[in-house]
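We did not get these values from a lab; they are worked out from the coordinates using the rules stated. What you are looking at is a predicted structure, and each value in this text was computed from that prediction instead of being measured. With ideal geometry, Cβ positions are generated from the backbone for all residues, glycine too; neighbour counts draw on all protein chains shown.
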């Protein structure tokens with residue numbers, strides 16, 4: 001596993017795009033118009049930028065799995081960040097979904113522990129054609145090791161119910177289910193009390 005650099009942006013965005021085209025949580029914010037794929041790409045580019053600035057982006061050794069990790073307490077308001085958000089609004093979610101996006105993110109973050117720096121796994125994806133071959137499980141083992149070395153519990157969410165057995169198998173549990181017109185499962189690693 002390695003940390004991605006700016007030269008990896010296209011690889012990371014393409015893996016994410018291929019994995020999240022039909023994702024309920026992503027499509028909740030993205031207008032369903034003729035530019036939907038470009039809009040999702042804009043969301044993934046924004047996410048890459050934010051995690052590059054206030055977290056990290058991990059790539060597995062085969063360049064077939066990626067993880068975007070955010071450290072929420074490191075996110076600061078900067079001119080660069082404002083420009084990224086403006087590009088997300090204009091090219092991704094659209095002006096009409098700003099309030100919806102902000103309200104959802106606030107509702108999710110209110111369920112994080114207070115006084116604890118978390119390892120927020122914003123996106124995890126394996127190249128579409130390689131899914132189901134154990135790559136995600138091996139990658140998750142490395143991610144968990146990274147979080148453990150940092151002393152941070154892992155938090156994430158998924159709107160894909162079929163992913164729940166995977167997360168349970170690799171040591172996670174659902175701690176809350178939220179309803180945004182679709183079910184969003186809030187998940188944390190079971191071992192966080194030991195960290």
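In whole Å, what is the distance between the alpha-carbon centres of the range 121-157 and the range 1-64? Here the two parts' Cα centres lie 15 Å apart. Structure remark: mean-square fluctuation, Gaussian network model of the chain, C-alpha springs under 10 Å; the largest value among 60, 141, 179 belongs to 179.
Which whole-number percentage describes the relative contact order of the chain, with Cα contacts under 8 Å and a sequence gap of 6 or more? Write down the numbers at each step before the final one.
Details: 278 pairs, mean separation 42.6, N = 195.
Relative CO of the chain lands at 22 percent.
Residues of the range 76-95 with an amide N closer than 20 Å to a point placed 7 Å from the Cα of residue 6 along the Cα-to-Cβ direction: 76-88.
Summarised in one figure, the compactness ratio Rg/Rh of the range 89-195, Cα atoms and Kirkwood Rh, is 0.99. Here the gap between residue 102 and residue 14, fully extended at 0.36 nm per residue and compared with their Cα-Cα distance, gives a gain of 29.1 nm.
Applying the Kirkwood pairwise sum to the alpha-carbon positions of the chain produces a hydrodynamic radius of 17.1 angstrom. Kindly state, to the nearest 0.05, the FRET efficiency for residue 173 paired with residue 114, given R0 = 22 Å and r defined as their beta-carbon distance. In this case the efficiency is close to 0.70. Only Cα pairs within less than 10 Å get springs; with that Gaussian network setup on the chain, which residue of 45, 105, 173 has the largest fluctuation? Sorting by GNM fluctuation, first place goes to 105. In the chain, helices alone account for a calculated mean residue ellipticity at 222 nm of -13000 deg cm²/dmol, with every DSSP H run of four or more residues adding -39,500 (n - 2.57). The value given for the range 8-98 is a Kirkwood hydrodynamic radius of 13.6 Å, derived from the mean inverse Cα-Cα separation.
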